[in-house]
1. From the residues in the stretch 342-360 that are more than 23 Å from the chain's Cα centre (by Cα) and not in a strand (DSSP E or B), which one is farthest from Met65 (Cα to Cα)?
2. Restricting to the stretch 132-170, and then to whatever is out of contact with any Ser or Thr (no Cβ under 8 Å at 6 or more places or on another chain) and assigned to a loop (DSSP other than H, G, I, E, B), can you tell me which residue is surrounded by the fewest Cβ atoms within 10 Å (Cβ to Cβ)?
3. Would you pick out the residues in the stretch 723-748 that are among the charged types (D, E, K, R) and either surrounded by fewer than 16 Cβ atoms within 10 Å (Cβ to Cβ) or not assigned by TED's automatic domain parsing to the domain that holds Gln644 (or both)?
4. Given the options Thr602, Thr643, name the one that is part of a loop (DSSP other than H, G, I, E, B), surrounded by 21 or more Cβ atoms within 10 Å (Cβ to Cβ) and touching a helix residue (DSSP H, G or I) at 6+ places or on another chain (Cβ under 6 Å).
5. Of a type in the set (S, T, N, Q), farther than 15 Å from Phe632 by Cα, buried (at least 22 other Cβ atoms within 10 Å of the Cβ) and touching a residue at least 40 places away in the same chain (Cβ under 8 Å), is that true of Ser616?
6. Could you tell me which numbered condition Thr264 fails, if it satisfies all but one of (1) more than 30 Å from the chain's Cα centre (by Cα); (2) among the β-branched types (Val, Ile, Thr); (3) surrounded by fewer than 21 Cβ atoms within 10 Å (Cβ to Cβ)?
7. State whether the residues of the stretch 583-590 include one that is in a loop (DSSP other than H, G, I, E, B), over 25 Å from Tyr493 (Cβ atoms) and of a type in the set (A, V, I, L, M, F, W, C).
8. Can you spot a residue in the stretch 289-303 that is outside the structural domain of Phe721 (by TED's automatic domain parsing), more than 26 Å from Lys719 (Cβ to Cβ), assigned to a loop (DSSP other than H, G, I, E, B) and out of contact with any helix residue (DSSP H, G or I) (no Cβ under 8 Å at 6 or more places or on another chain)?
Amino acid sequence: MSISNLLRNKILLFTVALLSLAMACKKEQKQKVLSKSLIDKVYPLLDTENSRWFFFSSASRPFGMVNLSPDTQIGGAWGSGYRYTTDTIKGFSHIHAWQMSGVSVMPIGVPKSSPSNLFVDYYSKFSHDKEVVKPGYHQLSLDRYGISVELTSTKRVGFHKYTFKEDQQPAILFNLNTILGPCENIMGQLQQLDKNVLKGQIVMASTHRRPKPLTVYFKVELNRDIDNVEKDKATGNYLVRLETLKDPVLMKLAISYTSYENATKNMSSELTDWDFEKTVKASQQEWNDLLSRILIEGGSEQSQSRFYTDLWHALQGRRIISDVNGAYPDNTKEEFKIGQLPLDEHGIPKFNHYNSDAFWGAQWTINTLWGLVYPEIMHDFTQSLMQYYKDGGLVARGPSGGNYTFVMTGASSTPFIVSAIQKEIVTEFLDTIYNALKKNHMLGGIMGKAGYEHKTSIGGGLNYYIKNGFVPYPIPEGKFGGHQDGASQTLEYAYQDWTLAQLAKKIEKQDDFVYFTERSNNYKNVFDSVVGWMRAKNLKGHWYEDFDPFQYEHGFIESNAAQFTWFVPHDLLGLAELMGGKEKAVQKLVKQFQTAEELKFTSGTSHDSELHPEYSRIPINYGNQPSIQTAFVFNKLGRPDLTQYWSRKVIEKAFSGLSPNTGYNGDEDQGLMGSLNVLMKIGLFQLNGGTEENPEYQIGSPIFDRVTIQLNPKYYQSKPFIIEAENNDADHVFVKHLFFNDRKLSEFKLSHEQITKGGTLRLTMEGN
């Protein structure tokens with residue numbers, strides 16, 4: 001080769017390298033632009049007119065033990081916490097969790113003239129016009145006092161910033177004996193330890209759902225000296241008066257469910273300085289890092305904002321209950337004790353322990369989202385659920401404060417844990433895990449307990465299910481817990497049995513695999529081929545009389561027969577056969593969707609409205625868990641076009657709003673509906689909760705032009721998984737062609753292994 005040719009080739013190679021580097025830099029810069037301000041797209045006020053105690057979040061970290069926010073309603077479990085239409089602040093509470101509440105404080109500007117009785121008369125009006133709410137931060141003004149309040153937090157420490165008027169003495173009221181949300185706070189105590197340090201505790205009294213009390217210990221540090229501490233005998237409240245200075249008052253409040261000493265450790269580990277803005281930035285960076293696991297392009301500004309609000313909801317609600325050193329409250333047995341999580345070689349807990357509502361419906365929501373995008377979170381929760389087994393002998397289905405609550409029905413944790421195993425997120429001690437889960441499926445386990453059935457194991461009807469192949473309605477022994485609805489219990493148990501059978505197969509327990517597979521066919525025993533619906537039976541096997549498939553909660557939990565008939569995630573083809581074949585099944589489901597569309601696919605706009613005579617008769621309800629999978633059922637019935645059409649319709653009619661008076665139109669149980677929204681909008685779904693070997697993902701109709709999922713390299717290959725939808729808009733919802741890594745797909749599905757190796761799913765969209 002001549003010198004000139006050699007030089008020319010070198011120049012060409014150098015040019016190509018520069019272009020490649022420029023393109024890579026441009027791509028990296030674009031991703032930074034896309035991800036750097038995702039918290040600004042989150043709209044925390046979504047659906048807050050229908051808020052529940054644990055629904056709203058603002059000055060909190062993901063899954064934080066402290067979830068600090070203002071309360072406008074405090075007197076009961078439902079319709080309490082931050083409610084948008086109530087214009088009065090009644091305190092700022094540090095705990096908004098499933099069946100838990102506590103440590104409410106209120107800054108007060110004490111006038112130099114004689115004050116009123118501030119122990120009972122301290123509420124203040126506020127205006128949304130002077131309010132800023134973002135993930136990790138909340139700011140508002142108390143009109144009565146002219147005080148600017150700013151809030152943020154670490155995982156276990158609330159951080160407050162109060163700016164008082166000059167003509168006031170700054171003070172803080174500690175409302176330690178009151179009803180907050182789901183439970184009463186009693187036996188509140190506050191003690192001054194140093195010139196700017198306070199020590200306190202309250203007892204969260206037991207509730208119908210959380211049967212044992214729990215003590216909250218807390219430490220308070222202030223950036224200025226305390227003038228004096230007054231206690232009101234009538235209310236048990238405390239008023240802490242502070243020195244009068246011009247600088248803002250800063251207060252740090254750390255909590256623990258084990259001891260004051262551990263509250264102190266939580267503070268010294270997580271918040272050592274007084275830099276409020278630094279803590280806000282750190283909190284928002286943590287949120288931004290998690291939100292940026294999914295980057296979207298295309299769609300309207302509102303649809304992008306709604307998407308990241310949904311994703312934000314998927315990462316909250318369930319709360320840490322363990323301290324930084326791994327200590328946690330264990331209330332699983334008769335005597336309370338302080339448990340200790342296992343530590344790694346650096347003395348750091350190997351996982352967190354959690355407070356959580358039920359995993360009822362998680363098979364269609366967080367199973368898929370967490371398992372794909374946040375496997376480290378799924379791993380943490382699996383280990384926490386197993387810790388309950390090690391402590392109390394049962395895998396929990398909705399623990400609160402170290403208690404078993406037995407919320408809802410069945411063994412809803414089984415699909416969650418099996419999914420984590422099948423996705424190889426959890427790989428160790430599989431025999432131990434299997435035995436723990438199996439215990440819940442046998443007599444004496446959680447399946448035998450109806451909702452909140454703390455002292456007996458009758459309401460679940462498991463003995464009848466095992467003996468006769470179905471749970472009767474009513475259970476002849478009487479009422480022992482909530483949700484004793486035999487037909488839906490039968491369907492739920494059958495599905496959960498199938499998921500356990502898949503784990504038995506994986507670890508080569510053949511006899512158990514056969515046994516639980518046979519039990520999974522029990523769904524057929526509550527299908528009435530004459531009427532074409534699932535239907536309750538009494539103990540003698542006679543069908544429930546005066547049957548109406550749209551009658552709410554007559555054998556079906558929080559639903560009706562029409563909605564629950566499709567609850568056969570593990571054998572939809574078998575269900576179709578019972579209906580007379582796939583074509584008839586499709587016709588039936590289409591009719592249900594057409595009718596449901598008239599009510600925008602939900603039973604009103606809140607969980608409470610499901611009991612409304614008109615709303616309760618809806619044949620498909622996307623406001624509660626039992627039928628949220630139905631749009632993707634069409635895929636299994638050979639009609640992916642109908643999955644694409646109806647999933648888009650549901651998003652449009654039910655899940656596109658962005659205001660305080662709309663959002664989830666029902667029961668957003670700690671991230672379940674947020675997760676559902678995310679999955680439908682990116683066009684990925686798992687019908688059986690990802691519980692089979694190498695789990696299958698159904699492909700739907702993504703609403704965005706491009707979705708980039710950053711896979712966690714600790715669990716999966718670091719190459720991202722990308723979904724591209726060409727020619728995509730509201731008029732082009734159907735997938736004409738689909739390719740994965742430039743290979744044409746013949747079916748609308750991908751395996752977990754394919755997705756987690758990374759690559760590009762390319763869809764060409766078309767209209768009618």
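1. That would be Glu345.
2. Glu166
3. Answer for the stretch 723-748, where residues must be among the charged types (D, E, K, R) and either surrounded by fewer than 16 Cβ atoms within 10 Å (Cβ to Cβ) or not assigned by TED's automatic domain parsing to the domain that holds Gln644 (or both): Glu726, Asp729, Asp731, Lys736, Asp742, Arg743, Lys744, Glu747.
4. Thr602
5. In short, no.
6. Looking at each condition in turn, Thr264 falls short on (1).
7. no
8. Checking the stretch 289-303: not a single residue is outside the structural domain of Phe721 (by TED's automatic domain parsing), more than 26 Å from Lys719 (Cβ to Cβ), assigned to a loop (DSSP other than H, G, I, E, B) and out of contact with any helix residue (DSSP H, G or I) (no Cβ under 8 Å at 6 or more places or on another chain).
The values are calculated or read from the model by the stated rules, or taken from the named source; none is laboratory data. All values derive from a computational prediction rather than experimental measurement. Glycine also receives a Cβ, built like all others from the backbone with ideal geometry; neighbour counts cover every protein chain displayed.
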